[in-house]
Each structure stands twice: as structure tokens, then as C-alpha cells.
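Contents: one structure, followed by commentary.
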Amino acid sequence: MKNLSFKNGDQLPIIGLGTWKSKPGEVSQAVYWAIEAGYRHIDCAAVYQNENEVGEGIAKAISEGLVKREELFVTSKLWNNSHKKDQVLPALQKSLSDLKLDYVDLYLIHWPIAFKAGVGFPKDREDFYTYDEVSIAETWVAMQELKEKGLAKHIGVSNFNQDKLKELIKVGGQTPEMNQVEIQPYLPQEGLVKFCEEHGILMTAYSPLGSPDSRAEKHENDPKLLIDPVVKEIAEKHKVGAGQILIAWSIARDIAVIPKSVNQDRIIGNLASAKINLDDHDLMELRDIGVNHRFIDGSFFTGDNSPYESSDLFDQV
């Protein structure tokens, strides 16, 4: 398994198990199966509302001797309703309690936008704070304090564009160590990837398979990455599944990748993607795939009832 290295030498296994949208009653077993199969990187978030079950899966694996805590890399994320300076520590403490852990290896600001306390998902304008009321700089100062306390070994962000990363870098102290964003061949994020490389920020790709379980209602006509002819052709060439090619693509770019599944065979198959070596022609074909599409468009956080715009979330290209 390839690892990515933080500046202090800590290692991040490049393939992790994603737990977004994993249903209650399934995710604990999925986490256990993943660790049993060899995963050492588990990606979580408070808003997924399943960290308690993730913690059960981790605890079971540790108690049965499958793994030691120090061999695991566990990520969690700060939800948008806890961005004020005095809310950040309690939010992480709640995640740690649910996960049954003393620390997380990586803690991320989930989105660069703030909700008022208790708001899960906003319904009207009054549910939001503006940047004047709660700045991302304020949140980042509190995140750095978590690292100083040892509650998070590393800190970073998710869904931050170049402008927002520049704002955090200007705060001083710890530069974000990770930026987790949607990355897949329809959205290679080349400008953002280059910026992060230049500033020593590692990257993680979420929705690497094109978020196939999010294609309901207004998204039903979105392109389907898993059946794209280019992806299928490369998969046939390597005699593997299309999803495995998409995971291998991120690995080839030195970007961590967190496919999610609660199916044991698929969990094992996703990990096996680490053994696929895409050649220069494969990478060229995927680079020139000819489709541009963002699956997670952030529209649930923007619009007439929000003070935020798409440009607050994503690089405008």
C-alpha cells in the first residue's frame, strides 16, 4: 500500500474506507470488514451521523487483536454548526466520544461556511452566519489549538478552494495539512491540485466513483462515470472493475482516495486497486476523457436563502 507522508513523517495510507451515507446498522460491520481486509485509513464525519457505529467497528477490531490503535489513521470533520471558536473543541470531543478514541489522526473543517448552533442543514437565511460574523480564520485558530492539545494529530480542511486556502495560510501558524475535495476524471481539479502541491498540502479525493448513489431527482440526468466508455475500456484492458480503475487513477496522482462501501467483496476489491498500475496511455485517456462535471455541487448551501455563493466553495473555471 502506498502511503502519503505528512511533514513530520506520519504516514497516511492512500486508500481509506469512506463512511458517508453508510446506513445505520451496516457501517460498524463495514469498518470491521475493512480493517480485517487490511484497511488502516477510515474517513468519518460528525454529520454522517454514524460515528458511534464506526467506533464500534474500530473497537471490535482492536479488541480482537486485528489492529492496534496506533496502526489506524482515523479522520473526522467539524460540521458547519460548530465554527465559532468556543464550539470547535466540544465538537471534536463529541466525535471522540462517539468513536471511542482519545484522538483523531486528522480533523478537517468540513465546509468553509458557518451555520448557527444546532442547525444540521439550513432551511432559511437565519440559519446561517456570514463571514463577518464567523470567519474561517476564527475557526482555523481553534483548529490549531486542537492540534496543540494532541486531540488531533493533523488538521486540515475539506471543500476549500484556492482563495479560502490562502485565507487560512495568512492566519499564520499551521498551514492546512490536507484538503479533501471531490476529485474524479470528470473533475480532475488540476489547478487546485497544483496549488496544494506548491504549499505542501496533501489531498484526498471523495466521490471518486462519481457518487452513483446521489443520482436521484435533479441529478438523474448526470453523466455516469462508472459506465463511461473510456473507463470501461481501460478496465477491460486490466481485467478489473471500472471502480477499481477510478481508484487507481487517484493513486497514480498521489491523491488519497476514500471509496465507500458496506459490501464485503467490494470493500476488498477497492483495496485491491492499489495493485493496478495505470500506464501513460491510460492516464492520457482519462485526462482527455472529454466530460466536465461536478457531482457534489454545493447547491444545498447556496441560493436565495444563503449568504454564500458557489465561488465561496469552488474554484471558478
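The values are calculated or read from the model by the stated rules, or taken from the named source; none is laboratory data. Please read all numbers here as calculations on a predicted model, not as lab measurements. Don't worry about glycine lacking a Cβ; one is built from the backbone with ideal geometry, like all the others, and counts go over all protein chains shown. To get the accessible areas, we keep the full protein, side chains included, count just its heavy atoms, and leave off ligands, DNA and RNA. Shrake-Rupley method; radii C 1.70, N 1.55, O 1.52, S 1.80 Å.
For the chain, the 222 nm mean residue ellipticity estimated from helices alone, with every DSSP H stretch of n ≥ 4 adding -39500 (n - 2.57) and the total spread over all residues, rounds to -10500 deg cm²/dmol. Applying D = kT/(6 pi eta Rh) to region 1-87, where Rh is the Kirkwood radius over alpha-carbon pairs, T corresponds to 4 °C and eta to 1.567 mPa s, the Stokes-Einstein value obtained is 94 µm²/s. Among the listed pairs K123/K166; K147/K170; K77/K166; K23/K149, a Cα-Cα separation exceeding 23 Å is found for K123/K166; K23/K149. The residues of region 1-112 present an accessible area of 40 Å² per residue when probed at 1.4 Å with all protein chains retained.
For L202, L66, the ranking by accessible surface with the largest value first comes to L66, L202, using a 1.4 Å probe. Assign one of three labels to region 42-82, namely rounded, prolate or oblate, based on the Cα gyration tensor with a ≥ b ≥ c the square roots of its eigenvalues; rounded applies when a/c is under 1.5, prolate when it is not and a/b is larger than b/c, and oblate otherwise. In terms of gyration-tensor shape, prolate.
Hydrodynamic analysis of region 170-317 uses the Kirkwood radius over alpha carbon pairs. Inserted into Stokes-Einstein at 25 °C and 0.890 mPa s, it gives a translational diffusion coefficient of 148 µm²/s. In the complete set of protein chains, residue-level accessible area for K149 is approximately 130 Å², probe 1.4 angstrom. A straight Cα-to-Cα reach below 19 Å connects K275 with the lysines K2, K232, K237, K239, K260, residues fewer than 8 places away in its own chain not being considered.
The trypsin sites (Lys or Arg not before Pro) of region 155-245 that meet both conditions, a loop assignment by DSSP and at most 16 other Cβ atoms within 10 Å of the site Cβ, are R215, K224, K239.
Each residue was assigned an accessible area with a 1.4 Å probe, and for E64 the value is about 100 Å². Convex hull volume of the C-alpha atoms in the chain, normalised per residue: 132 Å³.
Accessible area ranking (1.4 Å probe, heavy atoms, ligands and nucleic acids excluded), largest first, for E133, E26: E133, E26. Across region 118-231, Cα-Cα distances exceeding 21 Å account for 54% of all pairs. The Cα atoms of region 167-217 define a convex hull whose projected area, averaged across directions, is 4.6 nm². Starting from the Cα gyration tensor of region 195-281, take the square roots of the eigenvalues, sort them a ≥ b ≥ c, and report rounded, prolate or oblate (rounded when a/c is under 1.5, otherwise prolate if a/b is larger than b/c, else oblate). Rounded, because the longest to shortest axis ratio a/c is under 1.5. Ranking R253, R125, R266 from most to least accessible surface, computed with a 1.4 Å probe over the protein chains only, gives R266, R125, R253. Take every Cα pair under 8 Å whose residues are at least 6 apart in sequence, average their separation, divide by the length of region 224-317, and the relative contact order is 21 percent. Taking all protein chains together and rolling a 1.4 Å probe, V171 ends up with roughly 50 Å² accessible.
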